[in-house]
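Below is one structure, written out as structure tokens; the observations come after it.
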Amino acid sequence: MECYYCKGDLKEGKVPYFIKRKGYQLVIDNVPAYVCQQCGEHLFREEEVDLIQRIISELEEKIREVEQRTLVLNPPLYPPHSTVTKR
């Protein structure tokens, strides 16, 4: 295979996958990929992309569950639109 960017030779290898989104960071080490021997660019196979997307979807679902539990466990100190009256 040929690198899309530099036309170097792609060889099978393993690379880390990193994503930073609102609320979390995810690092997956040793993801199979084609790695350019010239520039280091990497290309994931469709199977790895599908698996990574599934992991991210499940993680985001679990994060939403935790956030909802936190809201229930920690209600606001004052009700919304409350007013304080002076005596």
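The values are calculated or read from the model by the stated rules, or taken from the named source; none is laboratory data. Bear in mind the structure is a predicted one, so any value in this text is a computation, not a measurement. FYI the Cβ positions are ideal-geometry reconstructions off the backbone, even for glycines, and counts take in every protein chain you see.
Things to note:
- Considering residues of segment 40-55 that are surrounded by 13 or more Cβ atoms within 10 Å (Cβ to Cβ) and charged (D, E, K, R) only, the residue farthest from the chain's Cα centre (by Cα): Glu41
- Segment 1-28 residues that are under 21 Å from Leu51 (Cα atoms), paired with ones that are assigned to a strand (DSSP E or B) and of a type in the set (Ser, Thr, Tyr) (beta carbon under 6 Å, 6 or more apart): Ile28/Tyr17
- Checking each residue in segment 6-30 for being at pLDDT below 95, assigned to a loop (DSSP other than H, G, I, E, B) and surrounded by 11 or more Cβ atoms within 10 Å (Cβ to Cβ) picks out only Gly23.
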